[in-house]
1. Only one of (1) over 15 Å from ILE15 (Cβ atoms); (2) free of Cβ contacts under 8 Å to residues at least 12 places away in the same chain; (3) among the aliphatic types (A, V, I, L, M) is not met by ILE57, so which one is it?
2. Please give the number of the condition MET23 fails out of (1) touching a Ser or Thr at 6+ places or on another chain (Cβ under 6 Å); (2) surrounded by fewer than 14 Cβ atoms within 10 Å (Cβ to Cβ).
3. Which of the following residues is in contact with a Leu (Cβ under 9 Å, 6 or more places away or on another chain), on the phi < 0 side of the Ramachandran plot and free of Cβ contacts under 8 Å to residues at least 60 places away in the same chain: VAL24, VAL35, VAL63, VAL44?
4. Hey, can you tell me all the residues within the stretch 104-136 that are loosely packed, with under 11 Cβ neighbours inside 10 Å and modelled with pLDDT under 85?
5. So which residues in the stretch 34-52 are charged (D, E, K, R) and within 29 Å of the chain's Cα centre (by Cα), if there are any at all?
Amino acid sequence: MAPAEDNHYHPKDAIHAGVHSSMVFGGIGLLFAAVKNSLARQNVGPWTTFTKNGGIIATFTIVGGVYDFTRVASANLREKDDHWNHGIGGLVAGAVLGLRTGSMPRIIGYGAITAVACGAFQYGGGTLKGYWNRPKVDEYERKEMLRRNRRRPIEETIAEIGEGRGIRPPGYEERRRERLKEKYGVDINPVCADPDAA
């Protein structure tokens, strides 16, 4: 069992997390803006990605940064790293996303929907595999257990798919020589390339 001090929460740098996420989400926003610019019906230049569609880039940048900053700051204040931090980060990020509309009900609604989505996703394990893929179970041990449960004897595999194509069970070369002699009348004498072999 791990010592008690290993289970203690270690604070993280919220500003660094926010800046890093801003840059990542800003890049994603730039990609979306460039795609939107390339699909324009008018003949526009490359700078329209920033002049006309710059709002998309700014929104992605701000929302991504605010989400991660709030998530890490909340974890530092609560001294716990759990799904509630993601819900709080989602609440603030959704509210910032709703600010573009200028409507208070939409700001609250966007915040609530994003908070529930982010919190529920993290509560479910932070993966699309779901709650039952528990992070407490060592992945290597789990896969080894699955391999042991589903392992089949080599004889059964060979009976189903046959020999050859890289599958060479004991006695394969002798059976191959016999099949070639029966089918084509060719006798194959194997030659060893090792000069030390007798």
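1. With (1) over 15 Å from ILE15 (Cβ atoms); (2) free of Cβ contacts under 8 Å to residues at least 12 places away in the same chain; (3) among the aliphatic types (A, V, I, L, M) applied to ILE57, the lone miss is (2).
2. MET23 satisfies all of (1) touching a Ser or Thr at 6+ places or on another chain (Cβ under 6 Å); (2) surrounded by fewer than 14 Cβ atoms within 10 Å (Cβ to Cβ) except (1).
3. None of the others qualify; the one that does is VAL63.
4. Across the stretch 104-136, the qualifying residues are LEU128, LYS129, GLY130, TYR131, TRP132, ARG134, PRO135, LYS136.
5. Keep residues of the stretch 34-52 that are charged (D, E, K, R), which gives 36, 41, 52.
Of everything in the stretch 34-52, just one residue is charged (D, E, K, R) and within 29 Å of the chain's Cα centre (by Cα), namely LYS36.
The values are calculated or read from the model by the stated rules, or taken from the named source; none is laboratory data. Just so it is clear, the structure is predicted and the values come from calculations on it, not from any experiment. Cβ sites come from the backbone with ideal geometry, for glycine too, and all protein chains shown count toward neighbours.
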